[in-house]
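Please read the structure below before turning to the comments.
Any read-out appearing in this document is the output of simple, stated calculations on the displayed coordinates, not a laboratory observation. Fair warning: this is a prediction, and the values are worked out from it, not measured in the lab. Cβ atoms come from the backbone with ideal geometry, glycine included; neighbour counts cover every protein chain shown.
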Amino acid sequence: MMKRLLVSIILASIVFFAGPLRDAQFDKAEARFTLQPNIVLIYTDDLGYGDVSAYGATKIKTPNIDRLAKEGLRFTDGHAAAATCTPSRYALMTGEYAWRKKGTGVLPGDASLIIEPGRTTLPSLLQKAGYQTGVVGKWHLGLGPKGGPDWNGEIKPGPNELGFGYSFIMAATGDRVPTVYLENRRVVGLDPADPIRVDYSQKIGDWPTGRENPGQLKMHPSHGHDMTIVNGVSRIGFMTGGKSALWKDEDMADLYTAKAVSFLERNKTQPFFLFFATHDPHVPRMPHSRFVGKSGMGPRGDAILQADWCTGELLNALDRLKLTRNTLVIFTSDNGPVVDDGYKDDAVEKLGGHKPAGALRGGKYSNFEAGTRVPFIVRWPGRVKPGVSNALVSQVDFLASLAAFTDQKLGDADAPDSFNVLPALLGQSKAGRESLVEQASVLSLRAGAWKYIEPAKGPKIQKNTNTETGNDPDGQLYNLAGDLGETNNLAARHPDRAKAMAARLQQIRQNARSRP
Ligand code: NG6
Ligand code: CA
């Protein structure tokens with residue numbers, strides 16, 4: 001009897017104290033998270049300034065991205081560092097303008113890693129601050145040592161050597177071989193008896209190609225993209241082997257999302273940084289069947305709906321895990337939009353009145369604003385006041401800004417072009433950078449509302465993609481304050497300003513860094 005009473009008393013006190021104890025831990029956790037909030041960077045591929053309803057699109061609805069915009073700060077002058085993928089990602093990761101370094105243009109799928117392990121990168125910086133770091137999705141920064149990766153062995157250096165504790169990636173793009181996923185240095189699902197071989201200079205193995213076997217295609221190229229066929233789509237580059245590891249394009253977004261959500265679940269009790277790099281709406285646009293036909297705009301529009309869905313899944317996961325308030329979410333894109341990027345996917349025919357670049361001129365590959373000015377949203381409930389910011393900010397600034405965010409000092413050699421624009425990103429200041437270099441076929445300098453585009457050789461319209469390149473043999477000068485669409489070249493009217501901006505650009509180029 002006495003023993004039973006004693007047990008009851010002990011049990012009762014456990015129940016009594018356990019409640020408050022749990023609360024205290026919860027409070028403690030909250031306090032820690034308040035100091036060190038999680039960071040989720042959602043990085044879409046080729047999503048244009050005008051592709052999102054929060055940015056004015058009316059022909060397509062992106063409710064999940066719009067939710068971010070409604071709950072966060074929407075930037076109207078936020079930039080990728082370049083008008084194509086690899087240089088943008090290089091700058092995002094290193095805080096260095098990619099044009100400073102040779103070999104940072106759009107990479108083939110078998111390129112070696114272009115960032116030196118050991119240098120300060122966005123993930124290594126956050127890892128040092130105690131974050132669990134992960135990348136899921138498109139990589140396109142090369143893999144392995146000089147000479148390229150060993151697809152059948154341990155693939156390094158790569159993201160895991162640059163500061164990502166976890167990686168689930170595609171090597172390059174959906175339209176480049178090898179069409180397989182890598183998880184932490186290994187090709188996923190590879191059968192060693194069927195090794196992967198990749199060649200970008202000549203055909204390897206006996207797999208069909210788009211050029212020789214067009215009858216086997218479910219999507220035909222419009223330009224390029226006529227090499228090895230995988231999953232009914234001919235790609236850039238030749239491959240053979242790795243049959244059990246080949247991806248199915250239609251399942252890619254679901255898989256990336258699942259991998260990203262499990263990363264969030266695994267790390268919910270500690271600060272984390274997730275770099276979620278979607279493949280959508282890059283070519284080949286092969287969304288899951290549940291999105292097919294849903295935009296009325298063909299695969300490009302459907303792939304945008306899919307990217308929006310992925311965004312929503314991540315936001316829902318944060319809600320479900322009760323992490324929303326402690327998580328800084330940044331949403332942006334690696335470069336501007338392109339309609340025909342090499343496949344006959346009805347994007348041109350079904351565009352209708354949709355304007356992927358919104359009111360901006362140009363698009364992916366272009367020196368005009370739509371090359372680099374992209375959707376750019378920051379959400380941190382309770383800390384970042386929802387609204388709109390016109391501050392000039394760039395993805396090259398993430399490194400210095402998140403260094404400030406995590407109370408870390410950059411070394412002299414670190415992130416040479418990254419400005420701390422944290423006050424602008426958090427909406428505490430209306431001002432971002434005063435000036436910014438934009439990279440496409442040549443460099444442009446933004447100084448406030450003024451934009452100077454260097455003299456550029458080459459056609460005014462890129463034939464295959466039908467992009468307005470912004471190339472002109474003479475330097476161009478625009479005042480975006482009254483001429484966002486860059487239609488009124490003021491170089492002849494303001495020769496002194498054009499000259500001064502050209503000189504300043506030259507100076508930034510010659511100095512090893514532009515960071516204050
Ligand atoms: C181009 C490809 C284009 C796309 C781009 C890279 C051809 C004809 N065009 O060379 O389809 O893959 O490279 O896009 O091959 S990016 O977003 O990764 O920079
Ligand atoms: Ca891109």
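Our summary of shape: the Cα atoms of segment 276-407 have principal axis extents of 49, 37, 23 Å, ordered from largest down, in whole angstrom. For segment 477-509, the set of trypsin sites (Lys or Arg not before Pro) satisfying both a DSSP loop assignment and a count of at most 11 other C-beta atoms within 10 Å is given as ARG493.
Cut-off is 10 Å between beta-carbons; in what order do SER444, SER289 appear when sorted fewest neighbours first?
Details: SER444 26, SER289 8.
Going from sparsest to densest Cβ surroundings: SER289, SER444.
Helix content alone sets the calculated 222 nm mean residue ellipticity of the chain: runs of n ≥ 4 DSSP H residues at -39500 (n - 2.57) each, divided across all residues, give -8000 deg cm²/dmol.
Approximating the spin labels as points 7 Å out from Cα along Cα→Cβ, the ARG493-to-HIS220 distance works out to 4.7 nm.
The distance separating the Cα centre of segment 278-340 from that of segment 459-490 comes to 29 Å. Scanning the chain for DSSP H helices at least 24 Å long along the axis (C-alpha atoms) with a Kyte-Doolittle mean no lower than 1.6 picks out nothing. Per-residue Karplus couplings for segment 143-151, computed as 6.51 cos²θ - 1.76 cosθ + 1.60 with θ equal to phi - 60°, are listed in order as 9, x, x, 3, x, x, x, 9, 4 Hz, Gly and Pro entered as x. For segment 124-225, applying the loop criterion from DSSP together with a ceiling of 14 other beta carbons within 10 Å to the GluC sites (Glu not before Pro) yields GLU154, GLU212. Between ASN464 and GLN202, the distance separating the two model label sites (each 7 Å from Cα on the Cα→Cβ line) works out to 2.3 nm. Note on GLU250 and LYS102: the model spin-label points, each 7 Å out from Cα along the C-beta direction, lie 4.6 nm apart. Residues ARG373, ARG285, ranked from the fewest to the most other C-beta atoms within 10 Å, line up as ARG285, ARG373.
Among ASP150, ASP280, the order by Cβ neighbours within 10 angstrom, fewest to most, reads ASP150, ASP280. As a size descriptor, the averaged projected area of the C-alpha convex hull of segment 165-236 was calculated at 5.6 nm².
Averaging 1/r over each pair of different alpha-carbon atoms in segment 259-306 and inverting the result gives 12.3 Å, the Kirkwood hydrodynamic radius. Sorted largest first, the principal axis extents computed over the alpha-carbon atoms of the chain equal 97, 59, 45 Å.
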